[in-house]
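Below you'll find the structure, written out as structure tokens, and then a few comments.
What follows draws every value from the coordinates through simple rules; no lab data is involved. Treat the numbers as computed from the prediction; the structure is a model and nothing was measured. When we count neighbours, we look across all protein chains shown, and the Cβ atoms used for this are built from the backbone with ideal geometry, even at glycine.
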Amino acid sequence: MILLAGLGTGVAGLVLVQKFGPREVPPPPLPPPPSPLAPAALDALQSKAAAGDASAQTRLGWVYQKGNGVRPDMKAAAEWFQRAAAQEYPEALAALGELTQAGQGVPRSLTEAARLYRLAAEKGSVAGQYNLAYLHEQGSGVDKSDTEAARWYQLAAEGGDPIAQHDIGQRYALGLGVPLDRAQAFKWLTLAAGQGQTDSERLLRDLKAGMSAEEITQGRRLAKEFVVRVSKATTINSPTH
């Protein structure tokens, strides 16, 4: 993830830095702790998963990954994700990619993780799009490419992911992988800030210092008109996005 550091001189004072320094694996987002799954609900989920329901298989993978009503078991999580991924279920592909990237329950491979993310991303998975963007940003398992990183961050941002909105907003402010466009930067940072991204609030203040009144008006209009893109891949609640 990139971070713009404001130096108190408006847009001209925004510079690109690594927020956490170079790393191969991004820290996973932290969802609220899940409520323990009741035994009856777990039995019903297992029955549906065993019958071949890809959505249930993905949910059951998350149950074992998060230890929701069961003991955490990354190998079992990977096995259920693999079953759903074999049916090309987008969120299972993304979840299996995350385990593969971290080497949890399956051998670690950035190349294979990138392949899984791409399959998920192309089917509309916001998690897959964000994670593929990050790998392109870092050059981990794929070619390092600001253009590809921006492309997939943009799609994840359009899917409503606040971290992706934050990242693509920074890129528009710098012209990194996309044309420099302060109104677009304002739009995405505004949307991210509205979802609790405090870094975006600070960056907006620095950005506005170098914007014209017309650019600010345009940015506000773009943010107001934004509608989250809905895809089939977002019909179940992923615990990571």
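Using the Cβ-Cβ distance between residue 102 and residue 122 with R0 set to 22 Å, the FRET efficiency works out to roughly 0.50. From least to most packed, judged by other beta carbons within 10 angstrom and beginning with the fewest, 64, 130 follow the order 64, 130. Taken about its Cα centre, segment 161-233 carries a charge dipole of about 180 debye when Lys and Arg each add +1 at the Cβ and Asp and Glu each add -1 at the Cβ. All C-alpha to C-alpha distances of segment 114-241, sorted into 5 Å bins beginning at zero, yield P(r) values of 2, 12, 21, 23, 19, 13, 7, 3, 0 percent in whole numbers. Each residue in 163, 216, 168 was given a count of other beta-carbon atoms within 10 angstrom of its own, and listing them fewest first yields 216, 163, 168. Between the beta carbons of residue 44 and residue 86, assuming R0 = 22 Å, the FRET efficiency works out to 0.50 to the nearest 0.05. Taking 0.36 nm per residue of separation and subtracting the Cα-Cα distance, full extension of the segment from residue 35 to residue 74 would add 12.2 nm. Put a dot 7 Å past the Cα of residue 227, heading toward its Cβ, do the same for residue 143, and the two dots end up 3.6 nm apart. Past 26 Å, Cα to Cα: identify those pairs from 75/144; 66/144; 48/123; 66/224, in the order given. Over 26 Å apart, Cα to Cα: 75/144; 66/144; 66/224. The local environment of residue 190, defined by Cβ-Cβ distances under 10 Å, has a net charge of +2 under the rule Lys, Arg +1 and Asp, Glu -1.
Summary value for segment 161-233: 30 percent relative contact order, contacts being C-alpha pairs under 8 angstrom separated by 6+ residues. Protection proxy ranking, highest mean first, for peptides 111-122, 43-54, 196-207: 111-122, 196-207, 43-54, where packing is the per-residue count of other beta-carbon atoms within 10 Å, averaged. Each of 106, 228, 63, 126 was scored by other Cβ atoms within 10 Å of its Cβ. Arranged with the fewest first, they read 228, 106, 63, 126.
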